[in-house]
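What follows is a set of notes on a single structure, which appears directly below.
The values are calculated or read from the model by the stated rules, or taken from the named source; none is laboratory data. If you're wondering where the values come from, they're calculated on a predicted model, not measured in any experiment. Positions of Cβ are backbone-derived with ideal geometry, glycine not excepted, and every protein chain shown enters the neighbour counts.
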Amino acid sequence: MHDVRQSGQDLAARLAETYTGVIYDVMRDAGREVRTLPSTLRPLRPDARLAGPVFTVEGAIDESLEVHRTMLEWTGLLQEAPGGHVLVCQPNDSTIAHMGELSAETLQLRGVRGYVVDGGCRDTDMVRELGFPVWRRYDTPADIRGRWAPTALGEPIRIGEVTVTTGDYLLADQDGVVLIPGEDVAEVVAAAEAAMQQENLVRAAIRDGTPPREAYLRHGKF
C-alpha cells in the first residue's frame, strides 16, 4: 500500500534540496500562479532553509483575556501543532512577539519543521542557537501574556495579498518564502530538479569559458 505520510516526507526532503528562485521560475514558466509571501518576512538565521507542508494559525489581540487564559490557549496551540509541518501564523498584530525560546524548543521536540509568522519573535539569540527555523517580520521583547490568543487553527489565512491554506507546501530561504499547492508539489519539485540539472550544465559551460549567450542558446537556461 502507498504510504502517503512517507511520500509527503520524501517530497519535503526533495523540496528542501531546491531553492526558492528555481521553484518560482518553474511555476512561472508553467503558467502557474506563484504565491510569494511579503519580502518583509526574514529568517532569524541567514543560512536557514525550511520546507514542508503547511499548517495555519490565526490569532488576534484581546486584552480582556486573563494571563492564565492566554497561556492556556498558547500552550494548547503548541500541543495541537502537527509534527512534520511548517506552522504559518497570521497574528493580526504588529506589537508583540508570537514566538519565543520555550515555544520554539517545544515545537522542535514535537517534530514541527519551522515557523513563519507575519509578526514578531523574541529570545532571538536562543532560538538561533536551537537551530529552529523561524521567519518573522520584527523582533521585540514584548510577549503575548494577557494580550493575544489564537482564534483559528487549520483555516485559510491571508498574509499580504496571499492566501495560505493548510496542505500547501512551503519553501523558505534567504531570498524569501514561496508556496506550492499541495496537489501540484510533486510535479513542481520534479520540474525544479530538472531545471537545476540544466543550470549545472550552464554553470559548467560558463566555467569552461563559454560566452554567456552561447551557453544560454546551447542549454536553454540562464
Counting only residues in segment 137-147 that are under 25 Å from V177 (Cα atoms) and in contact with a Leu (Cβ under 9 Å, 6 or more places away or on another chain), the one surrounded by the most Cβ atoms within 10 Å (Cβ to Cβ) is identified as R137
Going through segment 97-113 in order, the residues found to be farther than 15 Å from E58 by Cβ and out of contact with any helix residue (DSSP H, G or I) (no Cβ under 8 Å at 6 or more places or on another chain) are A97, L102, L109, G111, V112
- Does at least one position in segment 136-148 carry a residue that is among the hydroxyl-bearing types (S, T, Y), within 20 Å of L41 (Cα to Cα) and either modelled with pLDDT under 95 or touching a Lys or Arg at 6+ places or on another chain (Cβ under 8 Å) (or both)? yes
If you go through P82, P43, P53, the only one that is buried (at least 18 other Cβ atoms within 10 Å of the Cβ) and closer than 22 Å to L102 by Cα is P43
Item to complete: Inspect segment 134-152 for any residue being on the phi > 0 side of the Ramachandran plot, in contact (Cβ under 8 Å) with a residue 24 or more places away in the chain, out of contact with any Ser or Thr (no Cβ under 7 Å at 6 or more places or on another chain) and outside any strand (DSSP E or B) and give the result as yes or no.
Response: no
Checked segment 101-129 for anything touching an Asp or Glu at 6+ places or on another chain (Cβ under 8 Å) and either buried (at least 17 other Cβ atoms within 10 Å of the Cβ) or at positive phi (or both); matches are E101, A104, G119, G120, C121, R122, D123, T124, V127
_Residue check for T166: in contact with a Ser or Thr (Cβ under 6 Å, 6 or more places away or on another chain), at pLDDT 95 or above and among the hydroxyl-bearing types (S, T, Y)_ = yes
